[in-house]
Every structure is written in C-alpha cells, then in structure tokens.
Amino acid sequence: MNELWILGPGASLSHYTKELENLRDTSVMAFQNVFPHCVTHFKIIPQYWFSADPNAWMGGFEFLCGLIPSEQEKYKQMKILIPQYAATSFAEFRLFAGTTPLGRQPGGWERYLWLLGQLKNAGFNIEIIPCTTTKRIHSTSELTDQDLFGETAYRRFMHHEPVLGTVAFDSESVLGERFKWGLENKLSSAVFPIAYYLGFKKLYIGGFDLKGPRFYSSDTRHPWNDETQNEDVHRFPLGLIKRWLEWAPLHGMELYSVVDPAQTLLSEALPTRLMGEILNG
C-alpha cells in the first residue's frame with residue numbers, strides 16, 4: 001500500500017513491456033498523456049491519473065467520453081487527480097500555473113471543462129485536490145523562500161495544501177539558465193508533491209528520461225533542450241530532482257529510478273533499482 005509506481009512518457013518504458021504488464025495489481029500513477037497510451041501499449045489501467053497541464057488530459061478525456069457506457073465501467077476505479085485551480089476558469093489557472101496550449105486554441109479551455117463535466121456526470125472517479133504553487137505564493141506572503149526551498153524547508157511539507165514547484169517563480173520565459181522556473185521537470189514540480197499528498201512512502205519511477213522521444217510518439221522536445229536554448233541545460237532539472245532526494249528526512253519518501261541508466265538521465269539524480277529485480281522480489 002505504501003509503494004507507488006509512477007509512469008512518465010519516456011521511451012525507456014518501451015524496453016519493459018513484459019514487466020509493465022505485471023504492474024496491473026499494484027498502485028500505478030500515469031502522468032499526463034501516458035493515459036490512455038499505457039492501456040494500449042502495456043495493458044495497464046492505472047489507479048491514479050494526474051496531469052500538471054490540462055492540455056495533457058484532453059486525449060484521455062476524449063478517449064473516455066468516446067467509450068460506450070459498458071466499456072467506461074472498467075475505468076471508473078481510476079482516480080483522476082485534478083488541482084483545484086485547473087477545474088475552474090482559465091484566469092484562475094493562470095494565477096497558479098504557466099501557459100498551456102489550451103489557452104491558444106479558440107474554445108480550448110471551454111472544451112476541456114465540458115469534457116470534465118461529462119466525466120463527472122458519467123460517474124468517473126474525479127478528485128479535485130486543493131493545492132498551491134510557487135507561482136501563486138510569489139504573489140502572496142503565504143510562505144518564505146526558506147520555508148519552501150532551503151535545506152530545512154520543513155514547512156513545505158507541513159503546509160495545509162500540497163505545494164507544487166521546487167524553485168521560486170521568476171518568469172514564464174525559458175531562456176538558457178537566466179530564468180529557472182520554466183526549466184523544472186514535472187516530476188519534481190508536480191508529481192512528487194502529489195505523491196506526498198497521497199501518503200506513499202516508496203516511489204518507483206520510470207519514463208522520466210529527460211531526453212529522447214516518448215514511448216508513444218517521436219516528439220523529443222523538452223524545455224531544457226528546445227529551440228530557445230543555446231545548450232542543453234538538463235543538469236538544472238536533475239538538480240531539483242536530487243533536492244527531493246536530499247529532502248527525504250522531511251518528506252519520508254524513498255525515490256528510485258527503475259530503468260537501465262543507459263536509457264535515462266534520471267539515474268544521474270536518483271538511485272536505481274531495476275524494474276525486473278523489484279518485481280521478481
């Protein structure tokens with residue numbers, strides 16, 4: 001009950017099809033577009049589905065809404081975890097978070113909320129999570145930098161809401177290493193805080209490679225290696241992931257990468273326990 005397998009979109013997962021099919025009786029969180037691709041690729045219906053960008057829910061929402069009622073039933077035990085600021089207006093979302101492709105699509109946000117309403121009406125298991133972000137805190141006096149980012153940032157983990165973000169908000173721009181906030185990987189900014197909120201003590205992480213394509217597409221773009229960068233600055237997001245490892249005495253979670261270090265950059269920040277070794281006991 002204390003162990004959670006977290007599946008990201010990285011291509012490393014494509015090397016573990018057999019092992020992943022054995023996760024069907026364990027607690028699994030699919031991140032963003034991993035659902036519904038984890039169903040078609042690995043036959044996994046996760047216990048949790050979480051996204052930090054509402055746009056990444058759209059494919060899964062369309063998938064679920066397009067099923068006939070009898071086919072929908074097998075997905076209704078899956079908890080769809082939605083931060084409260086992503087369940088209201090676009091203006092409210094922007095107070096807490098950065099940009100999203102939905103904001104650039106005419107009617108995109110309205111379509112997202114409509115699909116969410118359809119799922120609620122159909123009886124899907126949707127949990128709205130009260131939480132805050134370092135962007136929102138930047139405009140308030142709720143917590144100090146030492147409370148959130150220092151070596152003794154214990155108040156982050158005592159706060160009445162999960163705090164999403166491991167670095168102070170400085171800008172939504174991503175330009176080399178001048179601005180830090182937009183360079184953070186979603187694993188440390190969003191997934192770790194939500195896993196802590198859920199109460200898990202041991203996290204097994206695969207598919208957060210910080211390089212290469214997705215297991216379901218050829219897209220290789222990442223904020224730290226895209227066209228806005230003069231060089232790959234992946235060491236910064238890896239450093240924030242490592243910070244969560246250093247915070248282990250505060251949050252009480254063990255963090256492990258579960259894929260071959262040759263297939264992921266995550267092993268530069270986290271210790272490795274290979275998926276096959278864990279599952280075979």
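Of everything in the range 230-259 that's among the small types (Gly, Ala, Ser) and not in a helix (DSSP H, G or I), which residue is surrounded by the most Cβ atoms within 10 Å (Cβ to Cβ)? Please lay out each step first, then the result.
Of all residues in the range 230-259, those among the small types (Gly, Ala, Ser) come to 239, 248, 252, 257.
With the extra rule that they be not in a helix (DSSP H, G or I), the set shrinks to 252, 257.
On the way: Gly252: 13, Ser257: 27.
Across the range 230-259, the extreme among qualifying residues is Ser257.
If I ask for residues that are within 14 Å of Lys76 (Cβ to Cβ) and of a type in the set (Gly, Ala, Ser), which ones from the range 35-63 would you list?
Gly60
What are the residues in the range 150-179 that are part of a loop (DSSP other than H, G, I, E, B), modelled with pLDDT of 75 or more and buried (at least 18 other Cβ atoms within 10 Å of the Cβ), if any?
Residues satisfying the conditions are Ala153, Pro162, Gly165, Thr166, Val167, Phe169.
Which residues, counting only those in the range 1-50, are more than 14 Å from the chain's Cα centre (by Cα) and in a strand (DSSP E or B)?
Glu3
For the range 1-36, name all the residues that are at pLDDT below 95, aliphatic (A, V, I, L, M) and more than 22 Å from Pro213 (Cα to Cα).
Result: Met1, Leu23.
Tally time: how many residues in the range 260-281 are touching a residue at least 60 places away in the same chain (Cβ under 8 Å) and in a helix (DSSP H, G or I)? Even if it seems obvious, please write down each step before you answer.
Within the range 260-281, the first condition is being touching a residue at least 60 places away in the same chain (Cβ under 8 Å), and the residues that meet it are 260, 263-264, 266, 270, 273, 275-276, 278-279.
Among the residues that remain, those that are also in a helix (DSSP H, G or I) are: 263, 266, 275-276, 278-279.
The number of residues fulfilling the criteria is 6.
Hey, Ala262 hits all of (1) over 18 Å from the mean Cα position of the chain (by Cα); (2) within 12 Å of Asn185 (Cβ to Cβ) but one; which does it fall short on?
(2)
Filter the range 29-56 down to the residues that are buried (at least 19 other Cβ atoms within 10 Å of the Cβ) and aliphatic (A, V, I, L, M) and list them by number.
Across the range 29-56, the qualifying residues are Met29, Ala30, Val34, Ile44, Ala52, Ala56.
This table checks each residue for (1) in a helix (DSSP H, G or I); (2) modelled with pLDDT under 95; (3) among the polar types (S, T, N, Q).
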{"position": "Trp109", "(1), (2), (3)": "yes, no, no"}
{"position": "Gln118", "(1), (2), (3)": "yes, no, yes"}
{"position": "Glu127", "(1), (2), (3)": "no, no, no"}
{"position": "Leu148", "(1), (2), (3)": "yes, yes, no"}
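Checking the conditions here, which among Phe42, Phe61 is over 12 Å from Gly207 (Cβ atoms), of a type outside the set (S, T, N, Q) and touching a helix residue (DSSP H, G or I) at 6+ places or on another chain (Cβ under 6 Å)?
Details: Phe42 fails: over 12 Å from Gly207 (Cβ atoms).
Testing whether each residue is over 12 Å from Gly207 (Cβ atoms), of a type outside the set (S, T, N, Q) and touching a helix residue (DSSP H, G or I) at 6+ places or on another chain (Cβ under 6 Å) leaves just Phe61.
Search the range 57-107 for residues being among the charged types (D, E, K, R) and in a helix (DSSP H, G or I), and hand back the single one that is surrounded by the most Cβ atoms within 10 Å (Cβ to Cβ). It would help to see each step written out before you state the result.
As a first pass, look at the range 57-107 and keep what is among the charged types (D, E, K, R): 62, 71, 73-74, 76, 79, 92, 94, 104.
With the extra rule that they be in a helix (DSSP H, G or I), the set shrinks to 62, 71, 73-74, 92, 94, 104.
Working: Glu62: 13, Glu71: 10, Glu73: 12, Lys74: 11, Glu92: 13, Arg94: 15, Arg104: 9.
Result: Arg94.
The values are calculated or read from the model by the stated rules, or taken from the named source; none is laboratory data. Bear in mind that the values here come from a model prediction, so they are computed numbers and not experimental data. Cβ sites come from the backbone with ideal geometry, for glycine too, and all protein chains shown count toward neighbours.
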